[in-house]
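FYI, it's all coordinate maths here, none of it is from the lab. Being a predicted model, the structure only gives us computed values, none of them experimental. All Cβ positions, even for glycine, are placed from backbone atoms using ideal geometry, and neighbour counts span all protein chains on display.
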Amino acid sequence: MPIQFFETPPVRRVGVIGWPIEHSISPAMHTAAFEALGLHGWHYDRYAIPPDIVRISLREFRDHGFVGLNVTVPLKEAVVPFVRPDEVALAVGAVNTITFRGNEGTNTDVRGFIDDLAAHGVAVAGQPVVVLGAGGAARAAVYGLSRAGAVVHIANRTPDRARALFAHMGLPERLIAPDAIAALGPALVVNTTPLGMAGGGEPAALPFDPAALTTPTVVYDMVYRPAETPLLAAARAHGHTALNGLGMLVRQGAAAFSLWTGAEAPIDVMFAAARAALEPR
Ligand code: NAP
């Protein structure tokens, strides 16, 4: 009997770096997508990288032939000097996806968020919208929303941080107090603060009270753990549309997946894997 040779597919490594990283559901999402498309040889793993060794770590990943990386808290800003950031990453000031071919850094959080709004039929062009918070996630939201033609306001605990955000993006400074949001009649209110996050300390805390809203509003919470935050529960109870951040997470992952593999991401497979990974064991 002739010897049969089976060709082993070349190993293609990708992953996510952060500190800490053990709660990331990205490996589950990407692994399911590789399997669904028969992309044998692709591996996605999580790597805990302390911020003080991010530069040398990136070099190690690159030298070991990694195709790319996702980057999460608290490293999204720290990696910017060590890659070639594209226009979106520069505007947001943060990179969440690196492709080592060309050493390019981009920010697919923007696309993940905007694609998720579109998938839910949320139209923002010409509409007043409010972003709660002014950190990294807020920068992605403000950039995406302003590019989509929305009139963006920010409510943040530290107003100077919101001012700096508007200045960095060359946008008019529109600060708003939480108790003035209802009078604005916003089409959309986006929570980008960690308030309401499981394990976040104050599970019942609301970044603003949707009970005051008098016009139909989409309330989007970037938090997805728990699936229904106190903010979303309150919004729903008052008849508003409530969306959590899982769609954003999956869609930013899908955009990174396509950048690395050149294949269209199987979104439904990624959603199912993400939901399964979030279920309590
Ligand atoms: P960050 O850079 O630390 O910014 C956090 C923001 O929340 C700051 O503006 C901060 O206000 C505000 N904040 C924090 N604690 C607060 C409190 N107790 N009361 C009022 N405001 C408070 O964090 P980030 O990277 O933007 O992430 C924020 C959240 O978005 C996290 O829960 C993260 O998991 C989520 N996220 C989700 C996705 C997704 O795909 N769904 C993507 C990115 C991020 P100050 O400026 O006053 O400190």
What is the distance in Å between the Cα centroid of region 103-140 and that of region 238-281?
15 Å
Quick test of the membrane-span-like rule: which DSSP H helices of the chain reach at least 20 Å along their long axis (C-alpha atoms) with mean Kyte hydropathy at least 0.0?
246-261
The ratio Rg/Rh over the Cα atoms of region 1-105, Rh being the Kirkwood inverse mean 1/r radius, stands at 1.07
Give the peptides 251-261, 23-33, 9-19, 224-234 in descending order of average Cβ contacts within 10 Å, highest first.
251-261, 23-33, 224-234, 9-19
In angstroms, what radius of gyration and Dmax does region 45-196 have, counting Cα atoms only?
16.7, 55
For region 122-176, how big is Rg over Rh, using alpha carbon atoms and the Kirkwood form of Rh?
0.92
Expected unfolding gain across THR241-HIS23 under the 0.36 nm per residue rule, minus the alpha-carbon gap, is 75.7 nm
Hydrodynamic radius of region 70-144 per Kirkwood, over alpha carbon pairs, in Å:
12.9 Å
Taking amide H positions as placed in the peptide plane 1.01 Å from N, state which residues far from GLY68 in sequence (5 or more) or on other chains have amide H under 5 Å from it.
GLY15, PHE100
Per-residue [θ]222 nm for the chain (sum of -39500 (n - 2.57) over DSSP H runs n ≥ 4, rounded to 500)
-11000 deg cm²/dmol
Under the rule of at least 5 residues apart or a separate chain, name every residue whose amide H is placed under 5 Å from the amide H of ASP221.
ASN191, LEU243, ASN244, GLY245
In whole Å, how far is the Cα centre of region 1-72 from that of region 207-222?
39 Å
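Assuming a viscosity of 1.002 mPa s and a temperature of 20 °C, what translational diffusion coefficient in µm² per second does Stokes-Einstein assign to region 158-281, Rh being the Kirkwood radius over Cα pairs?
Taking Rh from Cα pairs, D becomes 131 µm²/s.
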Long-range amide H partners of HIS153, meaning residues 5 or more apart or on another chain whose placed amide H is closer than 5 Å, are VAL129, VAL130, VAL131
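Compute the orientation-averaged projected area for the chain from the convex hull of its Cα atoms and round it to one decimal in nm².
17.1 nm²
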